[in-house]
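The structure appears below as C-alpha cells.
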Amino acid sequence: QVQLVESGGGLVQPGGSLRLSCAASGRVFSSYAMGWYRQAPGKQRDLVAAISRGGITNYADSVKGRFTISRDNAKNTVYLQMNSLKPEDTAVYYCKAHSPMGYDYWGQGTQVTVSS
C-alpha cells in the first residue's frame, strides 16, 4: 500500500509558475512509475506527465516545453514544475503511483487555478 500526498497548488497569474510535490509513504518508492494527471470541471482525468522507475519521462502535447516532471527517490517525492501557465491549465492535479504488480494508487489532488 502506498499513500500519496500532493502539495504546491494554488492561484497563479497567466505566465506564472508553480511546483507541485507528491510525497509517497513506504520504502519501495523507487520501484514505482509515477505520474501527474489533471481533471478540469466536467472533463475526464488526463495524463499530464509521467516518469518511469528509470527516469524516462513523457508529457502530454499540451504541456511539452512548459512542464517538467522529476523524482527524488531519496525523498520519496515526485515533482511537477509548471512554467508559462495558461488559464487552460486550471484543474485539480493528481499524483499516481503505478506498482510493478500493476496496482495504481492516487493522491487526494491539489487545485491549480490560473487566472488574472
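Quick look at the values:
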| quantity | calculated |
| --- | --- |
| Residue satisfying condition, being touching a helix residue (DSSP H, G or I) at 6+ places or on another chain (Cβ under 7 Å) and open to solvent by 70 Å² or more (accessible area, probe 1.4 Å), within set ARG19, ARG45, ARG53 | ARG53 |
| Hits in segment 1-46 (condition: out of contact with any Asp or Glu (no Cβ under 8 Å at 6 or more places or on another chain), of a type in the set (S, T, N, Q) and within 20 Å of GLN111 (Cβ to Cβ)) | GLN3, SER7, GLN13, SER17, GLN44 |
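The values are calculated or read from the model by the stated rules, or taken from the named source; none is laboratory data. Just so it is clear, the structure is predicted and the values come from calculations on it, not from any experiment. Because the Cβ atoms are built from the backbone with ideal geometry, glycine has one as well, and the counts that use them run over all protein chains shown. Note: accessible area is taken over every heavy atom of the protein model, side chains too, but ligands, DNA and RNA are not part of it. Shrake-Rupley method; radii C 1.70, N 1.55, O 1.52, S 1.80 Å.
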